[in-house]
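What follows is a short report on a single structure.
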Amino acid sequence: MHIVFLGAPGSGKGTQAQRLKDHLQIAHLSTGEMLRHAEEEGTKLGHEAARFMHAGQLVPDEVVVGIIFDRLMAKDCERGCLLDGFPRTVPQAEALDGMLAERRTPLDMVVALDVPESLLEERLLSRGRADDDPGTIRERFRQYHDLTQPLLDYYQAKGILRRVNAKGTPDEVFDRISRVIEYAGNPQFAGKSQS
Ligand code: AP5
């Protein structure tokens, strides 16, 4: 099963993907985590990406597509994976379509997490990651609106977009996501969610 988590900064993509990964026992691929790891390791890629990340901007498509391609083709993704933070632009989504076609596997579902922006800012400011200062958050939201939101239409047109109200506790949100996945006919979730 291949699932994409789509949502604005702070919408809970990482939090929910981690929970779902434990439940489904499939790989969780977070491009944000990969890029931060590369920065910590001091690699050339990490150094280049840090410039964009610290400014709240998206790292160029070709860089991100390159790192996700290698991960997606790895053995632990054979049964599927949860993509968190990728794709984030239409060219990235098209690249993902190509990679999955190569694997002869469909993208099953795109879960879009909907949270009001005022709440997102509050969450990010209280987390305090390096890119969570007010100016950088503003730019991250701008990049999300300009470059990532068009993906809602892209996946709506493919009939695989599922929007989830992601306001509430992490448990409440996970229950809603579980229901959506169960409704799509996945027996792993039978009996998991409350009505
Ligand atoms: P990335 O790490 O993906 O950052 P993001 O999309 O801005 O997302 P966040 O990690 O801030 O939020 P999230 O939605 O995962 O929420 P989380 O669960 O952490 O990317 C960072 C940067 O890398 C980008 O800006 C870009 O430069 C680069 N990059 C990454 N992917 C890229 C790509 N594909 N293309 C180009 N560039 C790319 O939760 C946030 C906080 O809220 C946490 O403290 C959490 O505990 C809390 N929280 C979560 N859920 C709840 C809840 N229900 N109630 C209360 N608190 C909650």
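Would you please name the residue that is most open to solvent (accessible area, probe 1.4 Å), looking only at residues in the range 165-185 that are outside any helix (DSSP H, G or I) and within 11 Å of the ligand (Cβ to nearest atom)?
Among those residues, the one meeting the criterion is Lys167.
Those residues that are open to solvent by 50 Å² or more (accessible area, probe 1.4 Å) and among the small types (Gly, Ala, Ser), I need them from the range 135-156; list them, please.
Scanning the range 135-156 gives no hits.
Let me spell it out: the conditions are (1) at pLDDT below 95; (2) closer than 21 Å to Ala17 by Cβ, and Leu107 meets all of them except one. Which number is the exception?
(1)
Scan the range 50-63 and give yes if some residue there is modelled with pLDDT under 95, surrounded by fewer than 15 Cβ atoms within 10 Å (Cβ to Cβ) and more than 8 Å from the ligand (Cβ to nearest atom), otherwise no.
Within the range 50-63 (the criterion being modelled with pLDDT under 95, surrounded by fewer than 15 Cβ atoms within 10 Å (Cβ to Cβ) and more than 8 Å from the ligand (Cβ to nearest atom)), the answer is no, since none of the residues qualifies.
Farther than 15 Å from Tyr154 by Cβ and in contact (Cβ under 8 Å) with a residue 60 or more places away in the chain: is that true of Gly80 in this structure?
yes
Where residues in the range 66-89 are buried (at least 16 other Cβ atoms within 10 Å of the Cβ) and over 21 Å from Ala112 (Cβ atoms), which of them is nearest to the ligand (Cβ to nearest atom)?
Checked the range 66-89; the qualifying residue nearest to the ligand (Cβ to nearest atom) is Ile67.
So which residues in the range 28-49 are open to solvent by less than 10 Å² (accessible area, probe 1.4 Å) and not in a helix (DSSP H, G or I), if there are any at all?
The one that is open to solvent by less than 10 Å² (accessible area, probe 1.4 Å) and not in a helix (DSSP H, G or I): Leu29.
Given the criterion without any contact (Cβ under 8 Å) to a residue 24 or more places away in the chain, over 25 Å from Ala184 (Cβ atoms) and not hydroxyl-bearing (Ser, Thr, Tyr), identify the matching residue among His54, His47.
Among His54, His47, only His47 is without any contact (Cβ under 8 Å) to a residue 24 or more places away in the chain, over 25 Å from Ala184 (Cβ atoms) and not hydroxyl-bearing (Ser, Thr, Tyr).
For the range 90-116, which positions are surrounded by 15 or more Cβ atoms within 10 Å (Cβ to Cβ) and either over 17 Å from the mean Cα position of the chain (by Cα) or within 9 Å of the ligand (Cβ to nearest atom) (or both)?
Gln92, Thr105, Leu113, Val115
Look through the range 117-131, keep the residues that are over 18 Å from the mean Cα position of the chain (by Cα) and aliphatic (A, V, I, L, M), and return whichever of them is nearest to the ligand (Cβ to nearest atom).
Filtering first and then ranking leaves Leu119.
I need a count of the residues in the range 80-126 that are over 20 Å from Ile67 (Cα atoms) and in a helix (DSSP H, G or I).
Of the residues in the range 80-126, 10 are over 20 Å from Ile67 (Cα atoms) and in a helix (DSSP H, G or I).
Of the residues in the range 117-134, how many are in contact with a His (Cβ under 9 Å, 6 or more places away or on another chain) and buried (at least 16 other Cβ atoms within 10 Å of the Cβ)?
The number of residues fulfilling the criteria is 1.
The values are calculated or read from the model by the stated rules, or taken from the named source; none is laboratory data. All of these numbers come straight from a predicted model, not from anything done at the bench. Ideal geometry is used to build each Cβ from the backbone, glycine not excepted, and the neighbour counts take in all protein chains shown. Remember, those area values only see protein heavy atoms, side chains included, never the ligands or the DNA or RNA. Shrake-Rupley method; radii C 1.70, N 1.55, O 1.52, S 1.80 Å.
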